[in-house]
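In what follows, a single structure is set out as structure tokens and then discussed.
The values are calculated or read from the model by the stated rules, or taken from the named source; none is laboratory data. Predicted model only: the values in this text are computed from it and were never measured. Cβ: placed from backbone, ideal geometry, glycine included. Neighbour counts: every protein chain shown.
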Amino acid sequence: MKYQSQKVAAPYFVAALALFVGQIVFGLIAGLQYLNGTFLFPMLPFDVAHMSHTNLLIVWLLMAFMGAAYFIVPEEAQTELYSPRLALITFWVFLVAGALTIAAYLFVPYADLAAATGNAVVPTMGRGYLEQPLPTKIGIVLVALSLLFNVTMTLIKGRKTSINLILVGSLWGLALLFLPAFYFSQDTVKASFGWWWIVHGWVEGDWELILGALLGFILIKMTGVDREIVEKWLYIIVAMTLVSGIIGIGHHYYYTGAPAYWIWLGSIFSALEPIPFMLLIVFAFKMLLQRRREHPNKAAMLWALGTPIMAFLGAGLWGFIITLAPAQYVMHGTNFTAAHGHLAFFGAYAMVSLAIISYAMPLLRGRTANSAASQRWEMAGFWIMVFSMIGITLALTGAGIVTVILQRTGDDPMGFMQVQDRSRMFFWIREFAGVCFFGGLLVYLRSFFMVGEYEYADEMKRALAV
Ligand code: HEM
Ligand code: HEM
Ligand SMILES: [Fe+2]
């Protein structure tokens with residue numbers, strides 16, 4: 001860590017991990033409710049558990065992205081952050097607003113919450129991931145403006161590297177793409193379009209650029225490869241993301257009343273979307289092979305190499321399985337979608353967040369890398385979480401196959417609830433894998449509480465000498 005003000009990233013990272021734990025607890029509860037429909041009812045109905053699970057996911061990822069921005073932008077710009085104090089105030093505003101929102105979900109019936117927070121005046125509530133009441137949404141905009149002001153001012157006064165331009169540019173994109181959240185048409189088709197532009201504009205467009213910038217930063221730092229090489233790769237990845245992702249969102253327009261040419265446009269362009277994820281893998285491993293130093297933080301390198309592979313599997317492969325129009329025709333809204341959603345969100349955005357946390361947290365705590373024992377725990381956490389998430393994905397894929405065969409195809413399709421009954425085994429496997437995932441998360445968190453300085457002094461000296 002080169003600049004004092006980078007320290008403001010630490011509370012963001014710690015809060016992100018705490019909220020991550022909350023997300024998984026609600027996931028486990030929702031998973032149990034699949035097996036026992038009255039579990040915790042009426043105290044905590046399924047819709048509330050589900051909403052808390054997905055909203056906590058988005059909030060912790062945003063926390064991690066913001067922490068990453070406050071860590072990376074000053075270092076890349078070679079200057080202190082414009083206002084560390086503003087970044088800290090913003091942190092507390094975001095954390096308190098996020099916590100109050102989850103508490104409101106848990107303790108206030110959703111309709112009452114809507115009535116109490118002005119949803120009748122400016123309707124925004126109810127769509128997946130965007131369930132937040134109006135004051136929270138306004139809070140999100142203010143937090144985003146504060147972040148953008150801070151990092152943009154830092155960028156203006158400092159060095160303008162490609163990584164910084166891509167990172168700050170995509171943070172602007174993230175905030176602008178959130179604005180359709182304030183437009184909720186009475187017409188459900190129009191409302192759906194607004195929703196896709198936000199959520200899918202994020203995950204299949206803008207956030208991919210953040211992913212690229214974060215990975216690029218970590219890989220430059222860890223491998224010592226020339227910046228020019230990294231930048232070339234990043235520009236190709238950014239271009240491919242935008243070429244495929246923007247029109248690729250058309251994979252949601254099939255059979256919605258949009259013109260029929262979207263069947264072709266959506267299918268063809270979204271079928272190209274795996275390419276940038278594939279390029280990220282090639283990029284990461286090329287950097288590894290061309291490395292000019294052995295960085296002592298092995299755990300961070302593991303995250304940085306694991307991220308593009310898992311992102312490719314979740315977004316690229318599982319996305320591709322469901323993306324062509326004939327596939328969507330029978331798979332839309334089945335557990336195939338949930339399988340893809342889990343592996344893609346985890347593989348791309350959860351893992352890149354854990355990668356930057358893994359690289360930055362030791363530095364923020366005053367050391368190049370954690371002790372060997374601590375890294376062993378962290379890497380064990382990595383493997384347990386990765387394999388558990390693959391387990392969740394395969395279980396949900398199994399449930400998806402059951403639905404497609406029994407309910408979506410054939411001459412005598414079964415009813416929805418009967419099909420749910422036939423899928424029980426897969427829901428048990430999902431829950432079992434979920435418990436393992438939680439165990440992996442605890443193992444991972446344990447690594448933060450291990451005392452002991454870095455053990456290989458020689459190796460560290462060599463690493464720093466390059
Ligand atoms: C980092 C890890 C995880 C991520 C990124 C994640 C992400 C998501 C996402 C994006 C959804 C919405 C899916 C959709 O609407 O299609 C979801 C729903 C859900 N998740 Fe997770 N999740 C994670 C871990 C877990 C775990 C460990 C469990 C527990 C077994 C779990 C159980 C559930 C359940 C039951 C739902 C509701 C599915 C439905 O509506 O049918 N998740 N999760
Ligand atoms: C990291 C990037 C990605 C993430 C995090 C992600 C996440 C998700 C999530 C959570 C959903 C469910 C939304 C809902 O609640 O209805 C979804 C739907 C979908 N995704 Fe992705 N996705 C990513 C990339 C991709 C890619 C690259 C493709 C195509 C190759 C793709 C194809 C689809 C399709 C076709 C649906 C609609 C499924 C349906 O409506 O049943 N996704 N995605
Ligand atoms: Fe999409």
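For the condition part of a loop (DSSP other than H, G, I, E, B), in contact with a helix residue (DSSP H, G or I) (Cβ under 6 Å, 6 or more places away or on another chain) and without any contact (Cβ under 8 Å) to a residue 60 or more places away in the chain, GLY118 qualifies.
Could you list, in sequence order, the residues of the stretch 179-228 that are aromatic (Phe, Trp, Tyr) and part of a helix (DSSP H, G or I)? Reasoning before the result, please.
Residues of the stretch 179-228 that are aromatic (Phe, Trp, Tyr), as a first pass: 182-184, 193, 195-197, 202, 207, 217.
Hits for the stretch 179-228 are PHE182, PHE193, TRP195, TRP196, TRP197, TRP202, TRP207, PHE217.
In summary, MET278 fulfils each of the numbered conditions (1) touching a residue at least 24 places away in the same chain (Cβ under 8 Å); (2) surrounded by 21 or more Cβ atoms within 10 Å (Cβ to Cβ) with the single exception of condition (2).
Yes/no matrix, rows are residues, columns are (1) of a type in the set (A, V, I, L, M, F, W, C); (2) more than 16 Å from ligand 1 (Cβ to nearest atom); (3) over 22 Å from CYS436 (Cβ atoms):
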site	(1), (2), (3)
GLN33	no, no, no
PHE65	yes, no, yes
TYR82	no, yes, yes
PHE91	yes, yes, yes
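With respect to the conditions (1) closer than 27 Å to GLY439 by Cβ; (2) surrounded by 24 or more Cβ atoms within 10 Å (Cβ to Cβ), TYR70 lacks only one, and its number is (1).
Per-residue answers, yes or no, for (1) buried (at least 24 other Cβ atoms within 10 Å of the Cβ); (2) under 22 Å from the mean Cα position of the chain (by Cα):
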residue	(1), (2)
PHE320	no, yes
TYR329	no, no
ALA339	yes, yes
ALA344	yes, yes
GLY347	yes, yes
ALA360	yes, yes
LEU364	no, no
ALA372	no, no
VAL386	no, yes
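The requirement of being within 16 Å of ligand 3 (Cβ to nearest atom), at pLDDT 95 or above and either small (Gly, Ala, Ser) or assigned to a helix (DSSP H, G or I) (or both) is satisfied by GLY250.
Just for helices (runs of 4 or more DSSP H) wholly inside the stretch 360-450: which have at least 2 residues that are near ligand 1 (Cβ under 10 Å from one of its atoms)?
Values: elements: 372-403, 416-422, 424-446.
Because the criterion is at least 2 residues that are near ligand 1 (Cβ under 10 Å from one of its atoms), the helices (runs of 4 or more DSSP H) in the stretch 360-450 that meet it are 372-403, 424-446.
Table: residues versus (1) surrounded by 19 or more Cβ atoms within 10 Å (Cβ to Cβ); (2) among the small types (Gly, Ala, Ser); (3) assigned by TED's automatic domain parsing to the domain that holds PHE178; (4) in contact with a strand residue (DSSP E or B) (Cβ under 8 Å, 6 or more places away or on another chain).
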{"residue": "LEU106", "(1), (2), (3), (4)": "no, no, yes, no"}
{"residue": "ASP112", "(1), (2), (3), (4)": "no, no, yes, no"}
{"residue": "ALA115", "(1), (2), (3), (4)": "no, yes, yes, no"}
{"residue": "VAL121", "(1), (2), (3), (4)": "no, no, yes, no"}
{"residue": "LEU130", "(1), (2), (3), (4)": "yes, no, yes, no"}
{"residue": "VAL141", "(1), (2), (3), (4)": "no, no, yes, no"}
{"residue": "ASN150", "(1), (2), (3), (4)": "yes, no, yes, no"}
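If you check GLU204 against the conditions, is it buried (at least 22 other Cβ atoms within 10 Å of the Cβ) and outside the structural domain of LEU343 (by TED's automatic domain parsing)? Talk me through it step by step, then tell me what you get.
Numbers: buried (at least 22 other Cβ atoms within 10 Å of the Cβ): yes; outside the structural domain of LEU343 (by TED's automatic domain parsing): yes.
Answer is yes for this residue.
Taking first residues from the stretch 425-443 that are more than 18 Å from HIS53 (Cβ to Cβ) and partners that are of a type in the set (Phe, Trp, Tyr), the Cβ contacts under 8 Å between residues at least 6 apart in sequence or on separate chains come to VAL443/TRP377. Selection over the stretch 421-444 of residues that are surrounded by fewer than 18 Cβ atoms within 10 Å (Cβ to Cβ), over 23 Å from the mean Cα position of the chain (by Cα) and not charged (D, E, K, R) gives a count of 3.
Can you name the residue in the stretch 260-314 that is among the charged types (D, E, K, R) and in a loop (DSSP other than H, G, I, E, B) and is also nearest to PHE346 (Cα to Cα) among such residues? Selected residue: GLU273. Of all the listed residues (ILE72, ILE102, ILE89), the sole one being of a type in the set (Val, Ile, Thr) and either in contact with a Phe, Trp or Tyr (Cβ under 8 Å, 6 or more places away or on another chain) or at pLDDT below 95 (or both) is ILE72.
Would you point out which residue out of LEU62, LEU40, LEU88, LEU95 is outside any helix (DSSP H, G or I) and either crowded, with 17+ Cβ neighbours inside 10 Å or touching a helix residue (DSSP H, G or I) at 6+ places or on another chain (Cβ under 8 Å) (or both)? Testing whether each residue is outside any helix (DSSP H, G or I) and either crowded, with 17+ Cβ neighbours inside 10 Å or touching a helix residue (DSSP H, G or I) at 6+ places or on another chain (Cβ under 8 Å) (or both) leaves just LEU40.
In the stretch 47-61, is there at least one residue being within 26 Å of ALA350 (Cα to Cα), touching a residue at least 12 places away in the same chain (Cβ under 8 Å), away from ligand 1 (no atom under 16 Å from the Cβ) and β-branched (Val, Ile, Thr)? Write out each step before concluding.
So in the stretch 47-61, the residues within 26 Å of ALA350 (Cα to Cα) come out as 47-61.
Checking which are touching a residue at least 12 places away in the same chain (Cβ under 8 Å) leaves us with 47-61.
Cutting the leftovers down to away from ligand 1 (no atom under 16 Å from the Cβ) gives us none.
Scanning the stretch 47-61 turns up no residue that is within 26 Å of ALA350 (Cα to Cα), touching a residue at least 12 places away in the same chain (Cβ under 8 Å), away from ligand 1 (no atom under 16 Å from the Cβ) and β-branched (Val, Ile, Thr).
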